[in-house]
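Taking it in order: structure first as structure tokens, then the write-up.
The values are calculated or read from the model by the stated rules, or taken from the named source; none is laboratory data. Predicted model only: the values in this text are computed from it and were never measured. We place every Cβ from the backbone using ideal geometry, glycine too, and count neighbours over all the protein chains shown.
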Amino acid sequence: MRLIHRFTLFAAAAAVVVATLSLARAEGIQAGLWKVTTAAETGGVTGPPHDSFKCLTAEQVKDLPMTFSPQATTINSICAPIERTFDGEKLHFHLICKGQLDMELTGAFDFDSPHHYTGTVESKASMAGLTAPPSVQKFDANWVSECK
């Protein structure tokens, strides 16, 4: 009987831990100053990685799909509604615009902890029958501090 009681207590404690981890994942990333290392490849040529810093507000991190998805602001092109999925940890998007500039953007971000995320954005574009070399940007970001 005591063994069953211990097992029940262990199972209840494990359930609390799993629930807590789920809540931590649902919180997304922390607002603050982020160091973002970007590596870009265009037409098969990879440039050197570069670092930039971005301050994300509490409002921005509450809506990660909006913050990290492209905003369609084109002139003389019409964009289809963005296709987007977000499960609280992984964001995927796909945007296609047609017109004077034909463009396709595909992205994926993984918010794997409150202080780290990675991402990849692929772009293809053509204008007046000329196709631009495809481009891939890879991001690796780490939380640095509160914004000042």
Of the conditions (1) modelled with pLDDT under 95; (2) under 16 Å from the mean Cα position of the chain (by Cα); (3) more than 15 Å from Val121 (Cβ to Cβ); (4) of a type outside the set (A, V, I, L, M), the single one that Pro70 does not satisfy is (3)
Among strands (runs of 3 or more DSSP E) entirely within the range 39-104, at least 2 residues that are in contact with a His (Cβ under 9 Å, 6 or more places away or on another chain) occur in 83-86
Considering the range 78-102, residues that are out of contact with any Leu (no Cβ under 8 Å at 6 or more places or on another chain) and closer than 30 Å to Pro114 by Cβ, and then whichever is surrounded by the fewest Cβ atoms within 10 Å (Cβ to Cβ), we arrive at Asp87
Screening His50, His5, His92 for residues that are modelled with pLDDT under 90 and out of contact with any Cys (no Cβ under 9 Å at 6 or more places or on another chain) leaves only His5
Filtering the range 105-148 down to residues that are assigned to a loop (DSSP other than H, G, I, E, B) and either aromatic (Phe, Trp, Tyr) or free of Cβ contacts under 8 Å to residues at least 40 places away in the same chain (or both) yields Ala128, Gly129, Ala132
The residue from Val17, Val36 that alone is surrounded by fewer than 12 Cβ atoms within 10 Å (Cβ to Cβ) and either modelled with pLDDT under 90 or outside any loop (DSSP other than H, G, I, E, B) (or both) is Val17
Is it the case, given these coordinates, that Thr120 is in contact with a Lys or Arg (Cβ under 9 Å, 6 or more places away or on another chain) and under 19 Å from Gly28 (Cβ atoms)? yes
